[in-house]
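The values are calculated or read from the model by the stated rules, or taken from the named source; none is laboratory data. Source: prediction; values computed, not measured. A quick note on method: Cβ atoms are made from the backbone with ideal geometry, for glycine too, and the neighbour counts reach across all protein chains shown. Just the protein is used for accessible areas: all its heavy atoms, side chains included, with ligands, DNA and RNA removed. Shrake-Rupley method; radii C 1.70, N 1.55, O 1.52, S 1.80 Å.
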Amino acid sequence: MKIGIIGAGHIGGNLTRRLTALGHEVSVANSRGPHTLTELVTETGARAVPVEEAARGAEIVVITIPLKAVPDLPAGVLDGAAQGVAVIDTGNYYPKQRDGKIAGIEDEGLTESRWTERQIGHPVIKAFNGTYAQDLLDRHRPAGDPDRMALPVAGDDEAAKTKVRALIDELGYDTVDAGGLDDSWRQQPDTPVYGLRAGVDEVTKALAEASPHRKPEFRA
C-alpha cells in the first residue's frame, strides 16, 4: 500500500519505520524539506518528498504535526491522493505548552480533529494521538496475545475507519471504535484513555469514563 506521512517527529518517524518494515511504500515529508530526512530514508527505505507530494497516490495519509502548524499546510495538500484516501490525524491540542489559543476549539467547542478536518477540507480519522511513540516500536503483539494493546479510533467515514483499523491491526494492535469525530474528545489529552497501555476492555471502559470538560491546564 502507498502511504504518505506528513511529519517526521517521534510518531511520524516510528510509523515510517514500522510501515516500511511491513512492506508498505512510504513517502515521508516534513516542514524542513527532504534533505533533512536523509538518515530516516537510509534507515527505512522510505522516500523523502516535499509536503506537497506526500499524498500523491497514497491510500492512507498520516498527518502528524503540531496542531498550530495545520493551517500552514499547503493548499491542496491531499491533491493527487488515491480515490477514497483515508487521512489519519494524530494531533493534540496543547495550548499552554505549544499551540497557543485555537478559537475553533476553545470558543466553538470543536474537537481537535474536527478542527483539523475543517482546516484541510477532508474527513479525518483520529488515531495514534494518545500512543507513546516508543510503543510503536516495542509494544506491538500478534493477534490474540493477552498483552496486545488496543488503540481508540474515531471518525465519521466508516470506510476510511475500517481501512485505518485494518492497518493498526497489521501494525500489531487491537482497536476500539471510539465513535464519530464529534465523540473524539473522549481520547483527547487528559482523558482516561490518553496514554493508556491496555487491552480492548480497559480502553472501552476508559472511553466511557471520559468527561467533555476541558480542564484549565488544557485551555489557553
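Below, the figures for the structure above:
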{"quantity": "For region 141-157, Karplus couplings with θ = phi - 60° (6.51, -1.76, 1.60), whole Hz, Gly/Pro x", "calculated": "9, x, 4, x, 5, x, 9, 5, 6, 10, 10, x, 9, 10, x, 8, 7"}
{"quantity": "Coarse-grained scattering of the chain at q = 0.10, 0.14, 0.15, 0.16 Å⁻¹, given as base-10 log I(q)/I(0) from a Debye sum over alpha-carbon atoms", "calculated": "-0.40, -0.82, -0.95, -1.09"}
{"quantity": "Sorted peptide list for 209-216, 144-151, criterion being average Cβ within 10 angstrom, highest first", "calculated": "144-151, 209-216"}
{"quantity": "Entries of 2/68; 101/126; 68/215 with Cα pairs more than 25 Å apart", "calculated": "2/68"}
{"quantity": "Residues with amide H under 5 Å from that of residue 61, placed H, sequence gap 5 or more", "calculated": "4, 86, 87, 88"}
{"quantity": "Protein accessible area in the chain, 1.4 Å probe - carbon and sulfur %", "calculated": "48 percent"}
{"quantity": "Sequence ranges 89-98, 178-187, ranked by mean other-Cβ count within 10 angstrom, highest first", "calculated": "178-187, 89-98"}
{"quantity": "Relative contact order (%) - criterion: Cα under 8 Å, at least six apart; region: the chain", "calculated": "17 percent"}
{"quantity": "Placed amide H near residue 48: partners under 5 Å, 5+ positions off or other chain", "calculated": "28"}
